[in-house]
Structure formats: C-alpha cells, structure tokens
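The values are calculated or read from the model by the stated rules, or taken from the named source; none is laboratory data. The model shown is predicted, which means the values in this text are computed figures rather than measured ones. Cβ coordinates were reconstructed from backbone atoms using ideal geometry, including for glycine residues, and neighbour counts include every protein chain displayed.
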Amino acid sequence: MIRIEHLTKTFGDHQDQVHALSDVNLVIEKGDIFGIIGLSGAGKSTLVRCINRLEEPTSGEVYIEDVAMTRLNESELREKRKEIGMIFQHFNLLMNSTVEENIAFPLKLSKYPKDKIQKRVDELLEVVGLTEKRKSYPATLSGGQKQRVGIARALANDPKIILSDEATSALDPITTEAILQLLKEINRQYGITVVVITHEMDVIKKICNKVAVMENGAPVEVGSVLDVFSNPQSQTAKNFLEGELFHISEKTRTEGKSASQSASLLKISFRGDITDEPIIANIMKNYQVEVSILGGNIEEIQAVNLGYLVVKIQGDQQELEQVYQYLSSKSLRWEVL
Ligand SMILES: Nc1ncnc2c1ncn2[C@@H]1O[C@H](COP(=O)(O)OP(=O)(O)O)[C@@H](O)[C@H]1O
Ligand SMILES: [Mg+2]
C-alpha cells in the first residue's frame with residue numbers, strides 16, 4: 001500500500017515559487033492499477049516522482065508498506081527503490097547499449113549475483129516479448145519495442161510497484177493498446193501495483209480500477225473508475241469524459257440551447273442492467289411527446305456498460321414534466337442540456 005499524507009512540493013525561491021503539489025492525500029492499495037489524470041502542469045509527474053523521492057517532498061510523507069520514505073537515508077533509499085520500477089514517456093534507454101545490456105543495467109546497479117544476471121535478462125526478455133531483439137540497439141527499435149525494454153528494465157529487480165509516467169503518450173493507438181495490455185498482464189500475473197499517470201481518459205478506461213483526477217497540485221476527485229466515469233463530480237473529470245468518451249457534438253449542443261419551450265434536450269446516462277429496459281420506447285408509448293435521438297454511446301468499463309443518450313423531447317410542458325418524473329423514478333441520471 002502507498003499512503004500519501006499532506007504532501008506538498010514547492011519549486012523555486014521566494015520570488016517565483018511554483019506550488020506543484022499542495023496537501024495531497026491519497027491511498028493506493030496493493031494490486032491496484034491506479035490512474036492519475038489531469039491536464040499538463042497539474043502536478044502528476046511531481047507526485048509520482050515524490051513517491052520514490054526522485055523529487056524531495058517539501059513537506060508531508062509518503063509511506064510504502066508503512067515505511068516513511070523521507071526518513072530513509074541514502075542506502076536505505078537505494079534498497080527501497082528496488083521495490084519501485086519506473087517507466088517514462090521517452091523511455092530513457094541507454095542508446096549505446098543493446099537491449100539486453102539495457103535490461104542488465106539495473107541488475108548490475110543493484111548488485112544482483114553476477115552469474116544469475118543472464119538468466120534473469122532472458123526471463124525478462126521473454127515477459128516483454130523481445131527475445132529476438134536482444135542484440136539490437138534502441139535506435140533500431142520501434143516506439144513500442146523501446147517501451148518494452150523500459151518495462152523489462154523496470155521489472156528487473158522484481159518490484160512491488162511500477163510507476164508509469166505517460167508511458168504510452170508517445171505511441172500510436174495500436175501500440176498503446178499492446179503496452180497497456182502488457183502492464184495489465186504484469187499487474188495480474190505478479191500482483192504488482194501500477195500507478196499510471198496520463199492525460200488520456202482512454203488509458204484510465206482501459207486498464208485502471210481506480211482513478212484520481214488532479215487539478216492545480218491536488219486530487220479533486222478519487223474513486224473507482226466505474227464510479228467516476230458514471231458520475232463525475234469535478235469539472236475536470238466531466239471535461240475529460242465529455243472530451244474523449246462521451247462526446248457531445250457542438251451542433252447537438254447548439255440545438256440544445258435553441259430548443260424551444262415545447263422541446264428539451266436531455267442527456268440520459270445509464271449504467272449496467274438498465275440498458276435492458278426500453279426507456280425510450282416507454283416514454284413514447286406512455287406520454288404525448290415526440291422523441292428523437294441525437295447521439296449516444298456505450299462503453300464497457302470493467303465489464304459494466306456505461307452509456308448515454310442525447311434525446312430531443314417535444315411536447316407540452318405538462319407532458320415533459322411527466323417524462324422527467326418517469327426518468328427520475330428509474331435508476332439513471334439525466335440532465336437538461
Ligand atoms: N524541476 C522543476 N522546477 C520548477 N518547476 C517545476 C519543476 N518540475 C515541475 N515544475 C512545475 O510544477 C508544476 C507541475 O508540474 P508537473 O508535475 O510536471 O505536472 P504534470 O506532470 O501534471 O504535467 C508545473 O507548473 C511545472 O512547471
Ligand atoms: Mg508530467
């Protein structure tokens with residue numbers, strides 16, 4: 001378990017201080033794939049770098065399995081860091097070393113028994129699917145292959161935690177998918193806790209079970225991915241979801257704003273089994289209104305369907321009120337756009 005308490009990080013001196021983190025409190029359970037999402041500059045990288053003290057916190061504490069990280073001395077920290085692997089957007093590989101040398105590097109640093117290094121490198125090459133490329137240099141690899149080297153290197157010392165800072169941000173969508181699946185597999189297979197930093201909701205959706213949404217140096221919303229996706233509270237979470245997964249076109253919005261007195265534009269969000277119920281058909285059957293569907297989407301998140309529909313409903317005010325009541329009686333959420 002990673003427990004972050006009252007963590008702050010301030011860069012710079014008196015004149016131009018940047019408060020990168022302000023009073024961050026967060027618990028990441030063992031075995032989580034924990035997503036941290038936020039806009040650029042929100043403090044995500046600083047936060048993960050404070051976990052392994054690549055960045056020294058200004059105040060507050062990070063506990064890993066109840067060990068207070070800031071209280072460790074140099075050699076204790078070096079030892080503890082073996083439990084924490086890290087992968088980066090730009091891979092950070094040694095360009096003049098081969099794939100296998102790159103993977104052996106952290107083993108040498110950690111004084112892994114010399115005669116066992118080759119065997120460990122072989123295992124790691126196998127895990128990330130790069131056995132054929134062992135003698136290649138990074139420059140000859142694709143982005144996805146480079147990140148696989150990064151992952152093998154992060155796994156070398158058998159970590160309990162992997163910190164991933166925008167690891168797929170430089171990759172195309174298909175390669176991103178493959179790398180995300182590899183991270184998920186590593187989490188499942190070895191029970192490694194994975195902290196995933198990203199600015200893309202899609203990454204969160206694909207592999208995370210929990211998510212923290214960061215704004216101005218602190219989480220503004222934390223919860224299961226299912227809860228946050230089906231009922232976002234913060235404006236940042238809403239923006240991310242509408243921008244990427246539940247997109248409502250500008251045309252639809254304009255139509256919503258110009259909808260007349262006798263018509264309203266509704267966004268109906270549903271989760272799980274409710275999709276089996278013919279809500280729209282029931283509305284049309286039971287009330288004197290006309291319904292047109294303007295947009296919609298269904299996403300499967302952790303085996304649960306989340307979806308929304310944007311509909312225009314026309315009818316007199318009284319009938320509309322009844323439709324609202326009907327919707328409210330169902331376990332779904334709706335709002336007038
Ligand atoms: N080494 C540094 N020196 C000064 N300011 C920094 C440093 N690292 C990050 N910052 C500032 O801290 C804030 C948070 O940055 P960062 O953690 O990189 O955000 P994110 O990863 O969410 O984009 C930004 O305003 C950034 O400019
Ligand atoms: Mg960053």
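Remarks
- Per-region count, the range 54-67, residues more than 16 Å from ligand 2 (Cβ to nearest atom) and over 20 Å from ILE192 (Cα atoms): 6
- The single residue among ALA263, ALA303 that is within 20 Å of VAL336 (Cα to Cα) and at pLDDT below 85 turns out to be ALA263.
- Looking only at the range 170-212, residues that are of a type outside the set (A, V, I, L, M, F, W, C), at pLDDT 95 or above and within 16 Å of ligand 2 (Cβ to nearest atom) come to 1 in all.
- When the range 83-98 is limited to residues that are away from ligand 2 (no atom under 16 Å from the Cβ) and within 21 Å of ILE197 (Cβ to Cβ), the one that is surrounded by the most Cβ atoms within 10 Å (Cβ to Cβ) turns out to be GLY85.
- The test for being touching a residue at least 60 places away in the same chain (Cβ under 8 Å), in contact with a Gly (Cβ under 9 Å, 6 or more places away or on another chain) and among the β-branched types (Val, Ile, Thr) does not hold for ILE84.
- Residue match in the range 37-53 (condition: within 28 Å of ASN239 (Cβ to Cβ) and either among the acidic types (Asp, Glu) or away from ligand 2 (no atom under 16 Å from the Cβ) (or both)): no
- Test set (1) more than 13 Å from ligand 2 (Cβ to nearest atom); (2) closer than 26 Å to LYS146 by Cβ - ARG71 fails condition number: (2)
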